[in-house]
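Heads up: the structure comes next, in structure tokens.
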Amino acid sequence: MEENSPIHEKNRLDFLEEQQHQRCPDCGATNAIRDESRGEVACANCGLVLDTNAIDSGPEWRAFTSEERDKRARTGSPINYALQDHDLSTMIDWRNRDASGRQINSNRRAEIYRLRKWQRRSRVHSSIERNLASAMSELDRLSSQLGVSRTVKDTAAVMYRRALERRLIRGRSIDAMIAAAMYAACRLREAPCTLDEIAYHSRINRKELGRCYRLLLRRLDVRMPVSQPTNFIPRFSQSLGLSSRVQRNAIQILDAAKAKGITAGKDPTGLAASALYIAAIMEGERRTQREIAAVARVTEVTVRNRYKELVRELQLAIDF
């Protein structure tokens, strides 16, 4: 059993939970400490040894580097929710070679060809699996276009699978539901991504995308956090080539605006764009309103109105 495997972690946590209820016969305390190197359980209050010769459920081998640990591990990769079969099914390789690398003779090639064909068919033998195969392929393409992290991608895959289990996909576009799940995952993981960006890369109408997104929230009972404008600052700054000082000042401006209640009910991307515009002027790294509006995907009027409001309410001294 691997040292970091889920089974080992579950056994260790169950053991620790049991030890928490074990009472020390000397002082009566119920908190115990497990020393895995010695195989002992001791009282955390008085130090009395409560148990000895505890069974070590870890691996029987030792490893001192991550490369050595990976080579000696005998378990496969973890479950991947972004793949149709969770990356747990087997694959018959297209190369006609056996496990030793030798060529398969002609008498066996026809049999291997039939096995490969039926194995490929068995992976998508139901409508749900065919749906997942198409959806996970679209999810992989969309996540690559948006450049989101693995965590966001897995969250979107889990949300789509839950929607498929509750039969929310029937009668609706797979691409639209995947895009809605991606937007919901970005909101949950606080990834800086707007609805317009996802609609652009997924080639789905913004109105249809918003309808599917609201359906997921309502039927899956998801409590969505409010988007914070500070999440968009690093991304917009990188696109505009601004320094870290500008990012820090923009975040301070947004924090001060939030403390005064100015940000309530306003588009976070417009607030982030206007804060960056003010911070860039303060640090001498001027950018035009058109440049900032293009990066934030808002209008110049939005940037102008928001920065005027921030300057007035926060009483910022800016030389335009």
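Structure above, values below:
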item	result
Output for segment 49-67, where each listed residue is at pLDDT 75 or above and either assigned by TED's automatic domain parsing to the domain that holds LYS153 or acidic (Asp, Glu) (or both)	ASP51, GLU60, GLU67
Answer residue from segment 170-184, given it is free of Cβ contacts under 8 Å to residues at least 40 places away in the same chain and assigned to a loop (DSSP other than H, G, I, E, B) and is surrounded by the most Cβ atoms within 10 Å (Cβ to Cβ) among those	SER173
Test: residue in segment 287-299 that is within 18 Å of LEU195 (Cα to Cα), small (Gly, Ala, Ser) and in contact (Cβ under 8 Å) with a residue 60 or more places away in the chain	yes
SER89 being loosely packed, with under 12 Cβ neighbours inside 10 Å, at pLDDT 80 or above, within 30 Å of ALA156 (Cβ to Cβ) and under 33 Å from the mean Cα position of the chain (by Cα)	no
Only one of SER144, SER202 that is of a type in the set (Gly, Ala, Ser), surrounded by fewer than 15 Cβ atoms within 10 Å (Cβ to Cβ) and under 28 Å from LEU271 (Cα atoms)	SER144
Any hit, segment 256-272, residues being under 21 Å from GLN315 (Cα atoms), surrounded by 22 or more Cβ atoms within 10 Å (Cβ to Cβ), over 28 Å from the mean Cα position of the chain (by Cα) and not assigned by TED's automatic domain parsing to the domain that holds MET182	yes
All positions within segment 159-169 that are free of Cβ contacts under 8 Å to residues at least 12 places away in the same chain and in a helix (DSSP H, G or I)	GLU165
Condition check for ASP70: modelled with pLDDT under 80, loosely packed, with under 15 Cβ neighbours inside 10 Å and outside any loop (DSSP other than H, G, I, E, B)	yes
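The values are calculated or read from the model by the stated rules, or taken from the named source; none is laboratory data. This is a predicted model, so every value here is computed, not measured. Neighbour counts run over all protein chains shown; Cβ positions are idealised from the backbone, glycine included.
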